Amino acid sequence: MISGQNTGQLCEFENTFITFDGDKYIWSEDGKDEPGDLNWRKADTGAGYDAYLMDVFYATNPAYPLSINGDTLFIQDCSETAYKYMLVRR
C-alpha cells in the first residue's frame with residue numbers, strides 16, 4: 001500500500017503490504033501479519049450508487065474498487081472521511 005488520502009489528509013504508508021489470495025488477505029505492517037477474509041457484497045457506497053464492497057481491513061468501513069490502472073488499484077472506504085487508497089502490485 002502506498003498512500004491514503006481524503007480532502008484534508010494524506011497518509012503515506014511505509015512497510016505496509018496487503019497480500020490477496022483468493023477470498024483471503026494478509027495485512028502486513030511493520031513485520032506483523034494480520035490475516036482476514038474477503039467478503040464481497042453489493043450495497044450502497046454512500047456516494048450515490050451501488051458497488052461491490054469489500055468487507056476487509058476495517059469491519060465498520062468497507063471499501064470498493066474505484067479503478068485499476070496497470071499495476072495500481074485504487075479503492076475507497078465507506079466512511080465519513082471517504083479515504084481513497086492506492087495499492088501497487090509488487
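The values are calculated or read from the model by the stated rules, or taken from the named source; none is laboratory data. Predicted model only: the values in this text are computed from it and were never measured. Methodologically, a virtual Cβ is constructed for each residue, glycine included, from the backbone with ideal geometry; neighbour enumeration extends over all protein chains shown. Heads up: the accessible areas ignore ligands, DNA and RNA and are worked out on the full protein's heavy atoms, side chains in. Shrake-Rupley method; radii C 1.70, N 1.55, O 1.52, S 1.80 Å.
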- How many of the residues in region 66-79 are outside any loop (DSSP other than H, G, I, E, B) and open to solvent by 40 Å² or more (accessible area, probe 1.4 Å)? 6
- Kindly state which strands (runs of 3 or more DSSP E) lie completely within region 1-65 and contain at least 2 residues that are acidic (Asp, Glu) and more than 13 Å from the chain's Cα centre (by Cα). 32-37
- Every listed condition ((1) touching a strand residue (DSSP E or B) at 6+ places or on another chain (Cβ under 9 Å); (2) acidic (Asp, Glu); (3) over 17 Å from Thr19 (Cβ atoms)) holds for Glu80 save (1)
